[in-house]
1. Suppose we filter the stretch 66-99 for residues that are in a helix (DSSP H, G or I), among the aliphatic types (A, V, I, L, M) and under 26 Å from Y53 (Cβ atoms); how many remain?
2. What pairs come up if the first residue lies in the stretch 82-104 and is on the phi > 0 side of the Ramachandran plot and in contact (Cβ under 8 Å) with a residue 40 or more places away in the chain, the second is of a type in the set (D, E, K, R) and assigned to a helix (DSSP H, G or I), and their beta carbons are under 7 Å apart, counting only those six or more places apart or on different chains?
3. Of all residues in the stretch 62-107, how many are farther than 21 Å from G43 by Cβ and either open to solvent by 50 Å² or more (accessible area, probe 1.4 Å) or among the acidic types (D, E) (or both)?
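The values are calculated or read from the model by the stated rules, or taken from the named source; none is laboratory data. In this text the structure is predicted, and so the values were computed from the model without any measurement. Quick reminder, even Gly has a Cβ in these numbers, built from the backbone with ideal geometry, and neighbours come from all protein chains shown. These accessible areas exclude ligands, DNA and RNA; they are computed on the full protein's heavy atoms, side chains included. Shrake-Rupley method; radii C 1.70, N 1.55, O 1.52, S 1.80 Å.
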Amino acid sequence: MLCQRVITASEVHVAFFQCVESLRSMQGPYGSSVRAILPGIIGYVLASSALLYAFARMDAGVAAVLGSLAPVLVIPIQAVRDWRLPKVQAVFGAVVAMFGAGIIVLF
C-alpha cells in the first residue's frame, strides 16, 4: 500500500512538472494569461485539498494551525526564488509564528 502511494505521488510530480514546462513554452495571445492564472488555480486546489484531507485525518485545531502557517512557509521559498534575504521583521514574525504553532500542536 505504501509503495503504491509513493509511485502515485511520483507520477503526479512528473505530470505536474511536465505541465509546468508546457506552460513555459506557451505562446500566443492567451499564453501569458494562462501562465498567470493556471498556477494559482492549481495551487489553490492542491492547498484546499490538502487542508480538507488534514481536517479529515487529524484534530481540527492542529489542522487549522498547520494550515494557517502557509503564508509563513512562503517566505523561504520566495527568498530562494528571488535570491534576496527577507527583512528582519519577516524572519522574526515567521519564527514567532512557528514557535506559537509548535506550542499549540505539542500541548
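1. Going residue by residue through the stretch 66-99, those that are in a helix (DSSP H, G or I) are 66-68, 70-82, 88-99.
Those still in the list that are among the aliphatic types (A, V, I, L, M) too: 66, 70, 72-75, 77, 79-80, 88, 90-91, 94-98.
Remaining after also requiring under 26 Å from Y53 (Cβ atoms): 66, 70, 72-75, 77, 94, 97-98.
Residues that pass the stated criteria total 10.
2. none
3. Within the stretch 62-107, residues that are farther than 21 Å from G43 by Cβ and either open to solvent by 50 Å² or more (accessible area, probe 1.4 Å) or among the acidic types (D, E) (or both) number 17.
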